[in-house]
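S.K.: Could you have a look at this structure, given as structure tokens, before my questions?
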Amino acid sequence: MRVFSDLNLNGRAPTRAQPGRGTWGPAGVVSTRAKKIIRIVVPIVVVAIAVGLFFLGRMFYLMLTGA
């Protein structure tokens, strides 16, 4: 069972049927490799921001309560 869907949205469509296709490949379209990297990086960044906000809030809480 595959966890993720196929990131290549063009599939087997011929080049003439693919919109925004430049001479050397798609114009302004994120590559499949970049999509895979983003799928890994985004959750890590979200968790890091959440942890940072938690500790920032904890620091302010401890400063306000004088603990």
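S.K.: If only one of GLY52, GLY57, GLY20, GLY66 is modelled with pLDDT under 75, over 18 Å from the mean Cα position of the chain (by Cα) and open to solvent by less than 70 Å² (accessible area, probe 1.4 Å), which one is it? Show your work before the answer.
M.R.: Details: GLY52 fails: modelled with pLDDT under 75; GLY57 fails: modelled with pLDDT under 75; GLY66 fails: modelled with pLDDT under 75.
One residue alone meets the criteria, GLY20.
S.K.: Now a separate question. Could you tell me which residue of the range 26-42 is nearest to ASP6 (Cα to Cα), considering only residues that are in a helix (DSSP H, G or I), open to solvent by less than 70 Å² (accessible area, probe 1.4 Å) and not aliphatic (A, V, I, L, M)?
M.R.: Within the range 26-42, the match that is nearest to ASP6 (Cα to Cα) is THR32.
The values are calculated or read from the model by the stated rules, or taken from the named source; none is laboratory data. Note that this is a predicted model, so its numbers are computed, not measured. Please note that ligands, DNA and RNA were not included when accessible areas were found on the heavy atoms of the full protein model with its side chains. Shrake-Rupley method; radii C 1.70, N 1.55, O 1.52, S 1.80 Å.
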